[in-house]
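Shown next, in structure tokens, is the structure this report addresses.
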Amino acid sequence: MERKIIITADGSHSIFIPGLDEHYHSVHGAVQESRHVFIEAGLKFISERKREVSILEMGLGTGLNVFLTFLEAKEIKINYTALEAFPISPGQAEALNYPRLLDAEAYRPVLQILHTMEPGKEVELRPGFIFRKEITKFGDFRSREQFDLIYFDAFAPRVQPELWTEEIFGRMFGSLRPGGILVTYCAKGEVKRNMKAAGFTIERLPGPKGKREMTRALKV
């Protein structure tokens with residue numbers, strides 16, 4: 001699968017897949033989108049009441065969400081599991097400009113580790129931050145009430161509609177502990193209906209630049 005590194009409107013890198021006509025992040029800004037959707041609406045929201053957070057990311061991609069979480073979550077413990085069916089190459093990861101852009105060049109090795117470590121193993125990125133990745137399709141992943149927060153960062157429904165179904169969200173619902181949340185950039189009506197059918201309570205939130213809304217789904 002051909003991938004091209006591009007620069008988004010906030011200066012941060014993303015990846016474009018010509019064969020799917022799909023970007024890994026918003027062209028309005030990869031970093032600004034990830035901060036808005038996953039850090040502000042997800043991590044900061046859940047960490048207001050928990051000092052140890054177990055995160056599941058559906059779509060490791062460039063590793064941006066992990067990297068931002070690593071930079072942000074300095075006062076809480078993190079157990080982070082990321083799923084990815086089609087990982088990028090270590091060379092592509094090395095070319096990404098997130099460490100320089102975020103004034104975090106000292107942590108560039110952390111970003112590289114995400115893409116070079118052995119799948120299925122755990123690595124302590126720093127004391128209190130445990131990371132694990134699985135090379136697997138979303139539909140093959142199973143867990144039960146293990147996570148507090150899900151970063152649902154799959155490709156858009158028009159590209160991979162099979163990842164936005166009631167069945168998939170049912171698995172997500174089952175993998176969350178009571179009080180857990182799922183955050184995603186997507187706010188399509190059909191997607192929210194599938195979330196509700198799976199048991200979630202839906203919150204419509206203002207979206208990142210270029211999108212009117214995003215979605216936070218709660219397991220109450």
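Please state which one of Lys192, Lys196 is crowded, with 16+ Cβ neighbours inside 10 Å and either modelled with pLDDT of 95 or more or part of a strand (DSSP E or B) (or both).
Selected residue: Lys192, the only one of Lys192, Lys196 that is crowded, with 16+ Cβ neighbours inside 10 Å and either modelled with pLDDT of 95 or more or part of a strand (DSSP E or B) (or both).
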Number of positions in the range 114-129 that are closer than 30 Å to Glu162 by Cα and either β-branched (Val, Ile, Thr) or touching a Pro at 6+ places or on another chain (Cβ under 7 Å) (or both): 2
Can you pull out every residue in the range 162-184 that is open to solvent by 30 Å² or more (accessible area, probe 1.4 Å), out of contact with any strand residue (DSSP E or B) (no Cβ under 8 Å at 6 or more places or on another chain) and not in a helix (DSSP H, G or I)? Thr165, Pro178
Can you name every residue in the range 30-53 that is more than 15 Å from the chain's Cα centre (by Cα) and outside any helix (DSSP H, G or I)? Glu48, Arg49, Lys50, Arg51, Glu52
Name every residue in the range 126-137 that is open to solvent by 30 Å² or more (accessible area, probe 1.4 Å) and part of a strand (DSSP E or B), in order of residue number. Arg126, Ile130, Arg132, Glu134, Ile135
How many residues are more than 18 Å from the chain's Cα centre (by Cα), within 23 Å of Gly42 (Cβ to Cβ), part of a helix (DSSP H, G or I) and of a type in the set (A, V, I, L, M, F, W, C) if we restrict to the range 75-125? 1
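Can you say whether Val53 is out of contact with any strand residue (DSSP E or B) (no Cβ under 6 Å at 6 or more places or on another chain), aliphatic (A, V, I, L, M) and at pLDDT 95 or above, as far as the supplied structure shows?
Details: out of contact with any strand residue (DSSP E or B) (no Cβ under 6 Å at 6 or more places or on another chain): no; aliphatic (A, V, I, L, M): yes; at pLDDT 95 or above: yes.
Considered against the rule, which asks whether it is out of contact with any strand residue (DSSP E or B) (no Cβ under 6 Å at 6 or more places or on another chain), aliphatic (A, V, I, L, M) and at pLDDT 95 or above, Val53 comes out as no.
Only one of Asp148, Asp153 is in contact (Cβ under 8 Å) with a residue 24 or more places away in the chain, charged (D, E, K, R) and over 13 Å from Gly61 (Cβ atoms); which?
Matching residue, one of Asp148, Asp153: Asp148.
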Tell me, please, whether a residue that is open to solvent by 10 Å² or more (accessible area, probe 1.4 Å) and of a type in the set (Gly, Ala, Ser) can be found in the range 30-40. no
If I filter the range 52-103 down to residues being surrounded by 16 or more Cβ atoms within 10 Å (Cβ to Cβ) and acidic (Asp, Glu), which single residue comes out as nearest to Ser143 (Cα to Cα)? Glu57
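The values are calculated or read from the model by the stated rules, or taken from the named source; none is laboratory data. Since the model is a prediction, treat every value here as computed from it, not as a measurement. Neighbour counts are summed over all protein chains in view; Cβ atoms, including those assigned to glycine, are modelled from backbone coordinates with ideal geometry. With ligands, DNA and RNA removed, areas are computed over all heavy atoms of the protein, side chains included. Shrake-Rupley method; radii C 1.70, N 1.55, O 1.52, S 1.80 Å.
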